[in-house]
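Enquirer: Encoded as structure tokens, here's the structure I'll be asking about.
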Amino acid sequence: MMDYTDRHCRYLMRLLSPSALLYTEMVTDKALLHGDPSRLLAFDSAEQPVALQLGGSDPRDLASAAIIGEQFGYREINLNCGCPSDRVKSGRFGACLMGEPERVAECISAMQDAVKIPVTVKCRIGIEPGMDHADDLQFLHKFVSTVAQVGCRVFIVHARRAVLNGLSPKENREIPPLKYDVVAQVQQLFPELQFVLNGGIRTVNEVTTHLNNFDGVMIGREAYNNPYLLAEIHRALEDEQWVPDRAEIVRAYSDYVAQQFQSGERLNVMIKHVLGLYHGLPSARSWRRFLSEGVVRAPHAVNLLRDSLRIVSQ
């Protein structure tokens, strides 16, 4: 979710779901250690609970980055071992790290020694090339077993292989087949661990079904493209009275946007996150067009969101 789940996106998501654990976009350890941590990690307290997702492969650098994350108030540090992009692969982190489970264990151990908050892992069921044609169950079992030995207790598993050569990140989210059963089998082998399922989950019914078998569910692109799904999930799982009005969400987010704009944030960076709010409803296309074109014509029109409500109110 790089370039998607920034702090503005997470603020919007929190308006829709009071309790979902939100994750940052992946931040590299080097960026934190050699850049401006405030620019990369600052967030509104209303977003909590928030987990910081890190990318890296050096235990010492990751430990230092985890300390910074804890100091900023994040509730969890998550090591990304699932991203298949070339940019990530060239830096020796992301999905390619699944081929080095011992190194992942070293990284997790170093971070656990450095911070008091939970340290978790996000991964795939396997990688290509690098699996030596071993079956997915064997590969994931070895990875989980190795990393769990140092004390990692939570594994967020995208139930697809990551194809490191020949597929784009988008294709890696769609072409490799989903194998929920592999994650379920590994979970049965490690009943003391927690497994959160990720990949291809798009409806409330799918969420509730998977929660019968797994400790949690992570939703990425679908929650971004159709953010009201988070409100529907919260209603189904937590509070049957929770039916937030989309127009009220727009007004609340508009107030936040106006405040952030005064602090120097660009309007288009914040507006893009709300475009899916009316997904599936009759006026959704007209509403998206109004916002997309409006922010180009008038990049300083902080009342754009409130003005847009006249379209969907019809």
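The values are calculated or read from the model by the stated rules, or taken from the named source; none is laboratory data. These figures come from a predicted structure and were not determined experimentally. Counting neighbours? That spans all protein chains shown, and the Cβs are built from the backbone with ideal geometry, glycine included. The protein model used for the area step is the full one, side chains on, heavy atoms only, and it has no ligands, DNA or RNA in it. Shrake-Rupley method; radii C 1.70, N 1.55, O 1.52, S 1.80 Å.
Enquirer: Between rounded, prolate and oblate, where does region 182-311 land on the alpha carbon gyration tensor, with a ≥ b ≥ c its root eigenvalues, rounded for a/c under 1.5, else prolate if a/b exceeds b/c?
Expert: Prolate shape, in that a/c is at least 1.5 and a/b is the bigger ratio.
Enquirer: Moving on to the next point. If you keep only loop residues by DSSP, which trypsin sites (Lys or Arg not before Pro) in region 256-295 have at most 14 other Cβ atoms within 10 Å of their Cβ?
Expert: Passing sites in region 256-295 are Arg266.
Enquirer: Under unit Cβ charges (Lys, Arg +1; Asp, Glu -1), what dipole magnitude, rounded to 20 debye, does the chain have relative to its Cα centre?
Expert: 900 debye
Enquirer: Ok, one more. Can you list the residues, at least 5 places off or on another chain, whose amide H is less than 5 Å from the amide H of Val196, using H built in the peptide plane?
Expert: Long-range HN contacts for Val196: Phe155, Ile156, Val157.
Enquirer: Place a point 7 Å from the Cα of Asn225 along the Cα-to-Cβ direction; which residues of region 280-314 have their backbone N under 13 Å from it?
Expert: Output list for this probe position: 280.
Enquirer: Which of the peptides 224-234, 37-47 is most tightly packed, and how do the rest follow, judged by the mean count of other Cβ atoms within 10 Å per residue? Don't skip to the answer; put the middle values down first.
Expert: Details: 224-234: 20.1, 37-47: 13.9.
The packing order, highest mean first, is 224-234, 37-47.
Enquirer: Follow-up question, since we're still on this one. Are there cysteines in the chain with no other Cys C-beta under 4.7 Å, and if so, which?
Expert: Among the cysteines of the chain, those whose Cβ sits 4.7 Å or more from every other are Cys9, Cys83, Cys96, Cys107, Cys152.
Enquirer: Once label points are set 7 Å from the Cα along Cα→Cβ at both Leu33 and Ala298, what is their separation, rounded to one decimal in nm?
Expert: 4.8 nm
Enquirer: Still on this structure, I have one more. Using the basic label-point model (7 angstrom from Cα toward the beta carbon), what is the Gln262 to Glu238 distance in nanometres?
Expert: 2.9 nm
Enquirer: Taking the simple approach of a point 7 Å from Cα along Cα-to-Cβ for both Thr209 and Asp181, what is their distance in nm?
Expert: About 1.5 nm separates the two model spin labels.
Enquirer: Next question. In terms of modelled amide H atoms, which long-range or inter-chain residues lie less than 5 Å from the amide H of Tyr23?
Expert: Amide H neighbours of Tyr23, under 5 Å, 5+ apart: Ala51.
Enquirer: Given just the C-alpha atoms of region 1-143, how large is their convex hull per residue in cubic angstrom?
Expert: On the way: hull volume 16.0 nm³, N = 143.
It is 112 Å³ per residue.
Enquirer: Find which of Asn213, Trp287, Val243 sits farthest along the positive direction of the dipole of the chain, computed with +1 on the beta-carbon of Lys and Arg, -1 on that of Asp and Glu, about the Cα centre.
Expert: Farthest along the dipole direction, towards plus: Trp287.
Enquirer: Considering only protein heavy atoms, what is the solvent-accessible area of Asp6 at a probe of 1.4 Å, reported in Å² to the nearest 10?
Expert: 30 Å²
Enquirer: Moving to a separate point now. Please list 3J(HN,Hα) in residue order for region 96-104, calculated via the Karplus relation 6.51 cos²θ - 1.76 cosθ + 1.60 where θ = phi - 60°; whole Hz, with x for glycine and proline.
Expert: Listing the rounded values in order: 4, 5, 5, x, 10, x, 5, 5, 4 Hz.
Enquirer: One-quarter of the Cα convex hull surface for region 28-83, in nm²? If you can, show how the numbers build up before the last one.
Expert: On the way: hull surface 15.1 nm².
Orientation-averaged projected area of the Cα hull: 3.8 nm².
Enquirer: Something else now. Accessible area per residue for the chain in Å², computed with a 1.4 Å probe and the full protein assembly in place, what is it? Don't skip to the answer; put the middle values down first.
Expert: On the way: 14530 Å² over 314 residues.
Ligands and nucleic acids excluded, the figure is 46 Å² per residue.
Enquirer: Next up: Using +1 on the beta carbon of Lys and Arg, -1 on that of Asp and Glu, and nothing else charged, what's the dipole of region 77-191 about the Cα centre, debye to 20? Present the calculation step by step, with values, prior to reporting the outcome.
Expert: Values: 14 positive and 12 negative charges, 74 e Å.
Using Cβ point charges on Lys, Arg, Asp and Glu, region 77-191 gives about 360 debye.
Enquirer: How many percent of the accessible area of region 67-213 is carbon or sulfur, using a 1.4 Å probe?
Expert: Values: 3250 of 6680 Å².
Roughly 49 percent, rounded to a whole number.
Enquirer: Kirkwood hydrodynamic radius of the chain from all distinct Cα pairs, in Å? Could the numbers behind the result be given before it?
Expert: Details: mean 1/r = 0.0490 Å⁻¹.
After inverting the mean inverse Cα-Cα distance, the result is 20.4 Å.
Enquirer: Over what distance in Å are the Cα centres of region 5-25 and region 283-314 separated?
Expert: 22 Å
Enquirer: Name the residue from Val312, Leu275, Val296 whose Cα lies farthest towards the positive end of the charge dipole of the chain, charges +1 on Cβ of Lys and Arg and -1 on Cβ of Asp and Glu.
Expert: So the residue furthest toward the plus end is Val296.
Enquirer: With contacts defined as alpha carbon pairs under 8 Å and 6 or more residues apart, what's the relative contact order of the chain in percent? Walk me through the intermediate numbers first.
Expert: Working: 527 pairs, mean separation 42.6, N = 314.
Relative CO of the chain lands at 14 percent.
Enquirer: Right, another one. Helix-only estimate, please: 222 nm mean residue ellipticity of the chain, summing -39500 (n - 2.57) across DSSP H runs of length 4 or more and dividing by its residues, to the nearest 500.
Expert: Calculated from helices alone, the mean residue ellipticity at 222 nm is -13500 deg cm²/dmol.
Enquirer: Another one. Among Leu229, Pro101, Val183, which residue has its Cα positioned farthest towards the positive end of the charge dipole of the chain, with +1 placed on the Cβ of Lys and Arg, -1 on the Cβ of Asp and Glu, and the dipole taken about the Cα centre?
Expert: Checking the options against the dipole of the chain, the answer is Leu229.
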